[in-house]
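Structure first, commentary second.
The values are calculated or read from the model by the stated rules, or taken from the named source; none is laboratory data. A quick note: this is a predicted structure, and the numbers were derived from the prediction, not measured. Note that each Cβ is placed from the backbone with ideal geometry, even for glycine, and that neighbours are counted across all protein chains shown. Surface areas here come from the heavy atoms of the whole protein model, side chains and all, with no ligands, DNA or RNA. Shrake-Rupley method; radii C 1.70, N 1.55, O 1.52, S 1.80 Å.
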Amino acid sequence: MRKLFLFAICTLFTHMAMSQTNLITGIAARKTTSLNGAWQYIVDPYGTGFYDYRYQERKENDREAYWNTDEPVNKTERKEHKFTDKYILQVPGDWNSQAEKFLYYEGIVWYKKSFDFTRTSAANKVYLYFGAVNYEADVYLNGKKLGKHKGGFTPFNFEVPDSVLKATGNYLVVKVDNTRHKDEVPTVNTDWWNYGGITRDVQLIEVPQAFIQDYSLHIKKGASLKTSKNIPVEGWVQLNGGQSSKEVIVEVPELKIKKAFPVTGDKVAIQFNLPAVQLWSPQTPRLYTVVISTNTDRIEDKIGFRTIEVVGKQILLNGNPLFMRGICIHEEIPRQIRRAYNKQDALQLLGLAKELSCNMVRLAHYPHNENMARTADSLGILVWSEIPVYWTIDFNSTEVFEKARTQLAEMITRDHNRASIIIWSVGNETPVKPVRTNFMRNLISAARSLDSSRLVSAALEVNYQPGVNKIDDPLGEYVDIVSFNEYLGWYAGLPDRCRTAKWEFAYNKPFFISETGAETLYGFHGDSLTRWSEEYQEWFYREQVAMLKRMPDNFAGLSPWILCDFRSPRRNNQTFQEGWNNKGLIDQQGRKKKAFAVLKAYYDEKSSTPNP
Ligand code: GCU
């Protein structure tokens with residue numbers, strides 16, 4: 001009965017997925033004022049700024065609340081919070097990498113930024129936009145709460161009431177709490193560093209009273225590409241603030257397209273045919289300028305047109321069979337060892353993937369910053385984008401489902417115009433049990449209802465049996481691509497285990513190895529049997545590649561674990577790890593290990609054969 005109830009509730013939430021977030025997209029092309037830079041901070045491990053001494057949440061006008069002014073009303077007033085330039089954190093940026101005292105800090109940090117602001121037009125509305133805050137953000141402006149957001153890797157925005165925003169001396173305070181909790185997404189155990197803070201851009205966005213909030217444009221699912229003429233495109237434009245316009249205009253100037261669509265409500269359906277168009281692909285990452293306008297607003301974006309679909313056992317990109325030469329990437333930069341967040345970081349990480357002859361990256365295990373997908377669009381790298389439904393989250397909780405679904409909706413809303421993204425992933429290595437499969441199945445249908453134009457997958461579990469490795473995870477029934485992580489030769493036996501590996505597939509679908517890898521400390525050498533040596537990792541990849549060459553014809557590619565070594569509190573071999581997961585093909589200083597060349601050689605060979 002309980003399972004039925006849970007399924008019913010999850011189904012209800014799935015239908016809620018039809019509702020978009022109130023997220024404003026296309027930020028780069030809007031009228032913005034950056035609030036990046038030096039923010040003052042107070043570390044508050046006991047939440048003193050939020051709870052009084054009876055541990056009751058402070059009232060909004062409580063003068064000891066850290067969101068209220070830190071200026072004493074006169075020289076007699078006792079004030080026990082004060083922000084000063086002696087305590088500065090850079091935004092965007094995780095706090096862990098900015099000072100030794102923050103490396104392991106988990107808890108509350110109050111950020112404060114003072115700013116002046118003059119609207120370019122008095123009639124405009126103003127929103128406050130955060131690229132991401134890990135994990136929980138409570139946002140206050142001039143003592144008034146604008147809102148709260150949970151989820152460490154997706155954007156959010158709050159409208160700033162005219163009554164709150166001032167021309168000078170605005171007092172913006174953000175309470176950030178990166179404490180892990182069992183009932184959050186992710187839960188308390190992850191194999192990555194819990195970088196806390198305002199980790200991505202903060203901007204004020206100015207929009208007209210009636211503005212274009214979001215838009216989606218893609219080639220119609222199932223469209224024939226036989227002739228590159230008259231390719232049907234469909235999508236929608238989401239208006240906000242009423243329909244002062246009678247029509248929405250969509251232009252693709254390079255293709256001499258300009259179409260008007262009648263406004264019949266907040267969501268305006270659009271569809272038109274593209275004349276001869278250069279389809280987006282890794283070989284030809286062609287992006288077109290798209291202009292969407294109403295009589296009060298205008299937004300411009302760079303969009304690539306391509307199709308992605310599964311037909312039988314194959315993934316087809318623009319109708320051609322696709323083999324994904326991938327690599328997994330965490331959002332962490334070598335040498336500087338911090339959360340990645342800007343365009344240079346994206347160019348560095350994706351540039352290394354290109355050096356490895358990749359045509360695809362799996363952005364693990366959470367939505368990366370928006371620069372990654374936009375840079376992948378430009379460089380021609382396919383993307384797997386994932387929400388952190390990781391390992392043992394609480395699948396019994398409808399609240400946790402809603403948290404996961406919200407992060408899924410925010411991820412898809414932000415990036416649904418990025419041609420490079422072909423796969424939405426709803427999770428990684430979740431334990432096989434009925435309540436988990438229902439939970440994940442409902443996330444999959446939520447993803448599909450938000451974006452029917454892309455494929456959906458997840459890293460499933462392998463059923464290791466004596467003599468055969470079965471790919472029969474029940475979730476495989478609901479995904480488009482049956483993906484799984486396998487570590488034959490690292491967590492199971494030695495690399496020569498690959499020579500006798502037998503695989504059995506329960507689904508007549510493409511399959512993808514979403515992780516495989518072995519750990520080595522850069523510069524530690526020995527024979528290939530010496531665990532942790534570069535030679536062991538090299539042997540591991542040689543055996544894996546030999547096994548991959550024996551895989552059946554529905555093998556659609558792999559994304560080995562992982563491009564670069566990364567911090568993890570779970571990795572405490574104080575000789576070979578010291579708080580690092582060293583499965584990277586590149587070490588934390590950006591140096592390539594011997595196995596890099598083995599995988600690159602395999603990818604070079606694959607890229608030179610048909611169906612690369
Ligand atoms: C798992 C997991 C990764 C983890 C990796 C490892 O498959 O998905 O997040 O880091 O294995 O054990 O190194």
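Would you be able to say whether some residue in segment 235-256 is farther than 30 Å from Asn61 by Cα, assigned to a loop (DSSP other than H, G, I, E, B), under 28 Å from the mean Cα position of the chain (by Cα) and touching a residue at least 12 places away in the same chain (Cβ under 8 Å)? Break it down stepwise before answering.
Going through segment 235-256, the residues farther than 30 Å from Asn61 by Cα turn out to be 235-256.
Going one step further and asking which of them are assigned to a loop (DSSP other than H, G, I, E, B), we end up with 241-246, 256.
Add one more test, that the residue is under 28 Å from the mean Cα position of the chain (by Cα), and what stays is none.
Within segment 235-256 (the criterion being farther than 30 Å from Asn61 by Cα, assigned to a loop (DSSP other than H, G, I, E, B), under 28 Å from the mean Cα position of the chain (by Cα) and touching a residue at least 12 places away in the same chain (Cβ under 8 Å)), the answer is no, since none of the residues qualifies.
Report the residue count in segment 381-403 for those that are of a type in the set (Val, Ile, Thr), more than 16 Å from the ligand (Cβ to nearest atom) and open to solvent by less than 10 Å² (accessible area, probe 1.4 Å).
Restricting attention to segment 381-403, the residues satisfying the condition of being of a type in the set (Val, Ile, Thr) are 381, 383, 387, 389, 392-393, 398, 400.
Of the ones still in play, those that are also more than 16 Å from the ligand (Cβ to nearest atom) are 381, 383, 398, 400.
Checking the rest, the ones that are also open to solvent by less than 10 Å² (accessible area, probe 1.4 Å) come to 381, 383, 400.
So the count comes out to 3.
Given the conditions (1) open to solvent by 60 Å² or more (accessible area, probe 1.4 Å); (2) more than 30 Å from Lys470 (Cβ to Cβ), which single one is not true for Arg531?
Here Arg531 meets the rest and fails (2).
Would you please name the residue that is surrounded by the fewest Cβ atoms within 10 Å (Cβ to Cβ), looking only at residues in segment 111-152 that are within 24 Å of the chain's Cα centre (by Cα) and part of a loop (DSSP other than H, G, I, E, B)?
Gly131
Hey, any hits in segment 352-359 for a residue that's within 16 Å of the ligand (Cβ to nearest atom) and of a type in the set (Asp, Glu)? Outline the logic, then answer.
Taking segment 352-359 as the starting set, the residues that turn out to be within 16 Å of the ligand (Cβ to nearest atom) are none.
Among the residues of segment 352-359, not one is within 16 Å of the ligand (Cβ to nearest atom) and of a type in the set (Asp, Glu), which makes the answer no.
Identify, by number, the condition in (1) surrounded by fewer than 17 Cβ atoms within 10 Å (Cβ to Cβ); (2) farther than 20 Å from Asn230 by Cα that Ser245 doesn't meet.
Result: Ser245 passes all but (1).
Tally up the residues in segment 454-486 that are free of Cβ contacts under 8 Å to residues at least 60 places away in the same chain and either assigned to a loop (DSSP other than H, G, I, E, B) or of a type in the set (D, E, K, R) (or both), please.
Counting residues in segment 454-486 that are free of Cβ contacts under 8 Å to residues at least 60 places away in the same chain and either assigned to a loop (DSSP other than H, G, I, E, B) or of a type in the set (D, E, K, R) (or both) gives 11.
Filter segment 487-515 for residues that are surrounded by fewer than 16 Cβ atoms within 10 Å (Cβ to Cβ), in a loop (DSSP other than H, G, I, E, B) and within 16 Å of the ligand (Cβ to nearest atom) and give the result.
Tyr491, Gly493, listed by residue number.
What are the pairs with Cβ atoms under 6 angstrom where one residue, in segment 365-382, is on the phi > 0 side of the Ramachandran plot and the other, located anywhere, is part of a helix (DSSP H, G or I)? Sequence gap at least six, or different chains.
Here the result reads none, with nothing in segment 365-382 linked to a residue that is part of a helix (DSSP H, G or I).
Evaluate segment 516-530: report whether one residue or more is within 16 Å of the ligand (Cβ to nearest atom), outside any loop (DSSP other than H, G, I, E, B), touching a Gly at 6+ places or on another chain (Cβ under 6 Å) and more than 21 Å from Trp424 (Cβ to Cβ).
no
Any residue in segment 430-453 that is under 18 Å from Leu316 (Cβ atoms), touching a residue at least 12 places away in the same chain (Cβ under 8 Å), within 16 Å of the ligand (Cβ to nearest atom) and not charged (D, E, K, R)?
no
Residue under question is Ser378, and the condition is that it be open to solvent by 10 Å² or more (accessible area, probe 1.4 Å), under 24 Å from Leu317 (Cα atoms) and of a type in the set (Ser, Thr, Tyr); does it hold?
Working: open to solvent by 10 Å² or more (accessible area, probe 1.4 Å): yes; under 24 Å from Leu317 (Cα atoms): yes; of a type in the set (Ser, Thr, Tyr): yes.
Yes: the conditions hold for Ser378.
Could you pull out the residue among Leu89, Leu128 that is touching a helix residue (DSSP H, G or I) at 6+ places or on another chain (Cβ under 9 Å), closer than 20 Å to Thr199 by Cα, assigned by TED's automatic domain parsing to the domain that holds Ala167 and touching a residue at least 40 places away in the same chain (Cβ under 8 Å)? If you could, list the steps in order and put the result at the bottom.
On the way: Leu128 fails: touching a helix residue (DSSP H, G or I) at 6+ places or on another chain (Cβ under 9 Å).
Sole residue among the options that is touching a helix residue (DSSP H, G or I) at 6+ places or on another chain (Cβ under 9 Å), closer than 20 Å to Thr199 by Cα, assigned by TED's automatic domain parsing to the domain that holds Ala167 and touching a residue at least 40 places away in the same chain (Cβ under 8 Å): Leu89.
Before we move on, is Thr187 open to solvent by less than 10 Å² (accessible area, probe 1.4 Å) and within 16 Å of the ligand (Cβ to nearest atom)?
Working: open to solvent by less than 10 Å² (accessible area, probe 1.4 Å): yes; within 16 Å of the ligand (Cβ to nearest atom): yes.
Taking the combined requirement at face value, the residue satisfies it.
Can you tell me which residue in segment 566-597 is farthest from Phe540 (Cα to Cα), limited to those that are more than 11 Å from the ligand (Cβ to nearest atom) and open to solvent by less than 10 Å² (accessible area, probe 1.4 Å)?
Going through the qualifying residues, I end up with Gly579.
Within the bounds of segment 549-565, is there any residue that is in a helix (DSSP H, G or I) and either surrounded by 16 or more Cβ atoms within 10 Å (Cβ to Cβ) or small (Gly, Ala, Ser) (or both)? Write out each step before concluding.
Initially, segment 549-565 is screened for residues in a helix (DSSP H, G or I), giving none.
No - not one qualifying residue is present in segment 549-565.
Among the candidates Ile333, Ile303, which residue alone is in the same structural domain as Val237 (by TED's automatic domain parsing), within 21 Å of the chain's Cα centre (by Cα) and more than 16 Å from the ligand (Cβ to nearest atom)? I'd like the intermediate steps shown before the answer.
Values: Ile333 fails: in the same structural domain as Val237 (by TED's automatic domain parsing).
None of the others qualify; the one that does is Ile303.
Suppose we filter segment 313-358 for residues that are among the acidic types (Asp, Glu) and open to solvent by 10 Å² or more (accessible area, probe 1.4 Å); how many remain? Can you show your working first?
Pass one, segment 313-358, residues among the acidic types (Asp, Glu): 331-332, 345, 355.
Retained after the next criterion (residues that are open to solvent by 10 Å² or more (accessible area, probe 1.4 Å)): 332, 355.
Residues that pass the stated criteria total 2.
Run down Ser445, Ser453 and say which single residue is in the same structural domain as Thr500 (by TED's automatic domain parsing), touching a Ser or Thr at 6+ places or on another chain (Cβ under 6 Å) and surrounded by fewer than 23 Cβ atoms within 10 Å (Cβ to Cβ). Walk me through it before giving the result.
On the way: Ser453 fails: touching a Ser or Thr at 6+ places or on another chain (Cβ under 6 Å).
The unique qualifying residue is Ser445.
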